[in-house]
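Enquirer: Let me begin by handing over the structure; questions about it come next.
The values are calculated or read from the model by the stated rules, or taken from the named source; none is laboratory data. All figures in this text were calculated on a predicted structure; none of them were measured in a lab. All Cβ positions, even for glycine, are placed from backbone atoms using ideal geometry, and neighbour counts span all protein chains on display. Surface areas here come from the heavy atoms of the whole protein model, side chains and all, with no ligands, DNA or RNA. Shrake-Rupley method; radii C 1.70, N 1.55, O 1.52, S 1.80 Å.
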Amino acid sequence: MNDRPMSYLLTPGPLTTSARTREAMLRDWGSRDPDFIALTARVRKRLCALANAEATHTAVLLQGSGTYALDATVQTLVPKDGKLLVLVNGAYGRRMVEIARRIGRDVAFLEFAEDAPADPDITAAYLKSDPAVTHVAVVHCETTSGILNPIEAIGDAVARAGRKYFIDAMSSFGAISIDARKLTFEAMMAASGKCLEGVPGMSFVLANKAALAAAGGNALSISLDLTAQWQGFEKDGQWRFTPPTQVLAALDCAMDQLDEEGGVDARGARYARNCRVLREGMARLGFRSILFDNLQAPIIVTFHRPPGLEYETFGAALKERGFVIYPGKLTKLDTFRIGCIGAIDAKVMSAAVDAVAQTMREMKISL
Ligand SMILES: *Cc1c(COP(=O)(O)O)cnc(C)c1O
């Protein structure tokens, strides 16, 4: 079977999946089918194992995209009299602030420049000054810019201050290793359709079991009650509400391929090669990326958009050549983004750079 998709999605989810992952969806499952119940249990176990979290955490699966997991985590695990501190250096950090506000949880945030990492020392100083804060949230790879935040150093500061820690690992889980035996966190949120290379539609939280057990009654909505969702799985192995059956089957198959590839480190190494080929190729064409090498996560690269390069035309011409890219999301700079993740290798990245070169010629732009 021809594995080449109609177009490569160089975007941070949905992303390019393998033919094998898509084929895993070619059947129906009933939600009470013992095979499906076993599939659910297997995926939950595998997700915990990826972070060495089996002893301390449980994987709570949720219908819906990644934001649903963020929303469920904040409303279930931050108690009504708790306070959340969010470290913000992009749109996804801002989203967590908005989630807390909307449900009426007390929230503060520390804002860093979008091209600078969140700072552990500033976080520690803030925690000293605000004893009301019970939980701190940070985004691992801030997909807005592609920057990697130092979750270990921030985790140390949070633990020293005796607060609980949430990590939005949406765009890093599966590609950058996170070890629950070395890094203490109450919850880590991610989704099916990013670095695990499944299809979109399901998110999950690796939540500390004791915290989850103590959080009953906190959630403001039935569908986003993480404790109830967990208790549902524990009671009879079933989902409380209609499960995304094909999405789950695709994720299980995608995780087989992650194992075959050599696990999280091997996948991270492939993405790092993709990222290098992309950055070097684009630099040869005269494009500048916004981040220094040492801050760049191998997930998505943000480039300055040169004057005269109209995004709509540029994006449409690349799509004609088989590559879908993403507009920029930074508040202060004109940019566009190209992702390095998904079932793609360095050859695909170099073809993408060639397509950019052809498009530039066609648009009569040289840098
Ligand atoms: C993708 C992503 C999310 C979730 O976004 P959805 O559109 O709800 O899937 C959250 N945080 C980060 C860092 C992400 O990259």
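Enquirer: How far is helix 120-129 tilted, in degrees, relative to the longest principal axis of the Cα atoms in the chain, given as a value from 0 to 90 rounded to the nearest 10?
Expert: Between the helix axis and the principal axis of the chain, the angle is about 40 degrees.
Enquirer: Another question, then. Put a dot 7 Å past each Cα toward the Cβ at Arg273 and Asp81; how far apart are the dots in nm?
Expert: 5.6
Enquirer: Which loop chymotrypsin sites (Phe, Trp or Tyr not before Pro) in region 265-310, with loop taken from DSSP, have no more than 15 other Cβ atoms within 10 angstrom of their Cβ?
Expert: Phe292
Enquirer: Starting from 0 in steps of 10 Å, tell me what percent of the Cα-Cα pairs of region 223-309 lands in each bin.
Expert: Each 10 Å bin holds this share of Cα pairs: 13, 26, 21, 23, 14, 3.
Enquirer: Right, next: Ordered by residue, what ³J(HN,Hα) values in Hz, to whole numbers, does region 250-260 give under the Karplus form 6.51 cos²θ - 1.76 cosθ + 1.60, where θ = phi - 60° and Gly and Pro are x?
Expert: Once rounded to whole Hz, the list reads 5, 5, 4, 5, 5, 6, 4, 5, 5, 4, 4.
Enquirer: Of all accessible surface on the chain at a 1.4 Å probe, what whole percent is carbon and sulfur?
Expert: It is 52 percent, rounded to a whole number.
Enquirer: Please compute the modelled spin-label separation between Lys319 and Arg101, points set 7 Å along Cα→Cβ, answer in nm with one decimal.
Expert: In this crude spin-label approximation the distance works out to 3.1 nm.
Enquirer: Also: Quick query: amide H of Val86 versus all other amide H atoms, modeled in the peptide plane; which residues come in under 5 Å with a sequence gap of 5 or more or a different chain?
Expert: Amide H neighbours of Val86, under 5 Å, 5+ apart: Ala108, Phe109, Leu110, Ala137.
Enquirer: Can you list which of the trypsin sites (Lys or Arg not before Pro) found in region 214-275 are DSSP loop residues with at most 12 other C-beta atoms within 10 Å?
Expert: Details: sites: Lys235, Arg240, Arg267, Arg270, Arg273; in loops: Arg240.
Filter output for region 214-275: empty list.
Enquirer: Return one whole number: the accessible area per residue of region 63-148 in Å², for a 1.4 Å probe.
Expert: Result: 36 Å² per residue.
Enquirer: Report ³J(HN,Hα) in whole Hz for each residue of region 107-118, in order, from the Karplus equation J = 6.51 cos²θ - 1.76 cosθ + 1.60 where θ = phi - 60°; Gly and Pro get x.
Expert: 9, 10, 9, 10, 9, 10, 4, 5, 10, 10, x, 4
Enquirer: Could you pull out every one of the lysines with an alpha carbon less than 27 Å from that of Lys45, ignoring same-chain neighbours closer than 8 positions?
Expert: Lys164, Lys182, Lys194, Lys209, Lys235
Enquirer: Let me ask something else about it. Strictly under 4.7 angstrom between C-beta atoms: which cysteines of the chain have no such partner?
Expert: Cys48, Cys141, Cys195, Cys253
Enquirer: Average the reciprocal distances over every distinct pair of alpha-carbons in region 41-159, invert the result, and give the Kirkwood radius in Å.
Expert: 15.3
Enquirer: Measure nothing fancy, just the Cα-based angle from helix 66-77's long axis to the longest principal axis of the chain, in degrees from 0 to 90, nearest 10.
Expert: Tilt relative to the chain: about 20 degrees.
Enquirer: Can I ask one more? For region 300-364, run through the trypsin sites (Lys or Arg not before Pro) and keep only the ones in DSSP coil with at most 13 other Cβ atoms within 10 Å of their Cβ.
Expert: When the trypsin sites (Lys or Arg not before Pro) of region 300-364 are filtered for loop state and at most 13 Cβ neighbours within 10 Å, Lys332, Lys364 remain.
Enquirer: Work out the FRET efficiency for Gln238 and Ile365 from their Cβ-Cβ distance, taking R0 = 51 Å, and round it to the nearest 0.05.
Expert: After rounding, the FRET efficiency stands at 0.35.
Enquirer: How large is the convex hull of the Cα atoms of the chain per residue, expressed in Å³ as a whole number?
Expert: Dividing the Cα hull volume of the chain by its residues yields 131 Å³.
Enquirer: What do the square roots of 5 times the Cα gyration tensor eigenvalues come to for region 104-157, in whole Å, largest first, as semi-axes of the equivalent ellipsoid?
Expert: 20, 13, 10
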